[in-house]
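Just dropping this structure here.
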Amino acid sequence: MTHQKGSVARWIGVSIGMAGLAMPSALLAANAADQLYERTLMTAADGRCRLFAPSVSAALDASRAQARGATLRSGASEIQVSALEQRARVKAAGAACNSKDLTLAASRVKTAFDGYSQMLSMTYPGDVASWKAERSVSATIPVWRLSQPATFGVDRLVFGLAGHAKALTVVATFDNGQRPYAARIIVRDTSRTLGPYIDTRAGRNLSGKVAPRNASLVFAAETRAEAPLTLLPTGAKTGLAFRFPAAAADAIAQLDPREAVTVEFAFTGRGDEVTRKAYVEVGDFAAGRAFLR
C-alpha cells in the first residue's frame, strides 16, 4: 500500500473515472487501496477548498466509504487502512487550492461523479446480504431510505434508516404473535478492540461475526410502536417498530464490513427475561448512509 509522492494529478488516475460504477463487487483487491487513497485525498481537499457542489461531494464521500469497505475486505487491517487515510489527508493538506494539479484532479472527479450524484437508488451487495438505498422520500408516508431484510428462525425483520429523519430503525414481525417489550442493538466497541471478531469457520453464519458482549456497546431502543405498513417486511400485515439513537448508527458505520450487528428482542418470561437474536451484516452501511447525503 505504498503510493507515489508526486503531483496531485499523478495519483488521481483511471480508478476515479471508474468510480461511477459504484459496485463493490467490481472493486479489485489490487486497486481497492489506491481508490481509497485517491477518494480520501479528494474528499479532504474538497473539505478545505470547496471544490465541488454538495451533490458531488456527497457522491464522492459515498464512494470513499465504499472503497474503504473494499480495502478491508481485501485483507487490510483497520490499522493499515487508518494509516492510508491519514497519508491521503496529509497529502491533501499540502496541495494549494488553486494549483493546476488539484484543479485537474477536481475536474476528473466532477466528470466521474456528476451522473452518480443524480442516481435515486443504489444496491450495495455484501458477503451475505445487501443494503438498498433510496434517495427519493415521500412527504407523508414513512419509507425505508437504507434497508436490509433478515430472518431469524420463522421471524423476520427489516433494519436500517427510515423516514425523513433517517432514524435507525428495526421493524420486526413474529410468527407466534408474541410481542417484545424492548429491543437492543449490540455493536463491537471499536475504542476497546483492535479489530473485528470473525470466526472463519462460520462461513455465511453471521452469528460468528460478532464481538463478545464484554467488548461491545449496547444501544436500547428509544421508542416502540406499531409499524407503518410501508415499513413492514414483505407480506407482513403487522409488526413492531423500534427506533434507536443516532449514536448507534454512528457506531455501526465505524465497523468492518465483514462484521455483523446483533439485534436482540426482549420478551417477558416466567421470572427471567427471554430474548431472541437476529443478525445484520454491516457490509456497506457507511457507503449507503453517505449515498443518502
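The numbers here are math on the coordinates, done by the rules we state, and not lab data. It should be emphasised that the depicted structure is a prediction, and the values quoted were computed from it without experimental measurement. Cβ coordinates were reconstructed from backbone atoms using ideal geometry, including for glycine residues, and neighbour counts include every protein chain displayed.
Just to be sure I understand the curve: with the Debye formula and one point per C-alpha of segment 125-292, what is log10 I(q)/I(0) at q = 0.12, 0.19 Å⁻¹?
Results for segment 125-292 at q = 0.12, 0.19 Å⁻¹ read -0.50, -1.30.
Using r as the Cβ-Cβ distance of Y181 and A53, and R0 as 51 Å, what FRET efficiency do you calculate, to the nearest 0.05?
0.65
What distance in nm lies between label points placed 7 Å from Cα along the C-beta direction at L292 and T140?
2.3
Starting with the highest mean, order 253-263, 51-61 by the number of other Cβ atoms within 10 Å, averaged over the residues of each peptide.
Sorting 253-263, 51-61 by mean packing, highest first, produces 253-263, 51-61.
In deg cm²/dmol, rounded to 500, what helix-only [θ] at 222 nm does the chain give when every DSSP H run of at least 4 residues adds -39500 (n - 2.57) and the total is split over its residues?
-10500 deg cm²/dmol
Next question, about the same structure. Quick check of the Kirkwood formula: for the chain, what is the inverse mean of 1/r over all pairs of different Cα atoms, in Å?
One decimal place: 20.1 Å for the Kirkwood radius.
Spin-label point model (7 Å from Cα, Cβ direction): what's the D114 to Y197 distance in nm?
Simple spin-label model gives 4.9 nm for this pair.
So, one more: Looking at the P(r) of segment 109-197, how many percent of alpha-carbon pairs lie beyond 20 Å?
In whole percent, the long-distance tail amounts to 55.
Of all the C-alpha pairs in segment 238-293, what % are more than 18 Å from each other?
48
Could I ask something else about it? Quick check on my link table: of K166/K277; K91/K209; K132/K209, which ones sit more than 26 Å apart, alpha carbon to alpha carbon?
K91/K209
Given R₀ = 30 Å, what would the calculated FRET efficiency be for A253 paired with K100, taking r from the Cβ atoms and rounding to 0.05?
That gives a FRET efficiency of 0.30.
Let me ask you something else. Straight distance only, please: which aspartates and glutamates reach the Cα of K237 with their own Cα at less than 18 Å, same-chain residues fewer than 8 apart left out?
Straight-distance partners of K237: D155, D175, E226.
Sticking with this one: Could you sort 99-108, 193-202 so that the peptide with the highest average Cβ count within 10 Å comes first and the rest follow in order?
By packing density, highest mean first, the sequence is 99-108, 193-202.
So how do 223-235, 240-252 stack up, highest first, on mean other-Cβ count within 10 Å?
Those peptides, ordered most packed to least, come out 240-252, 223-235.
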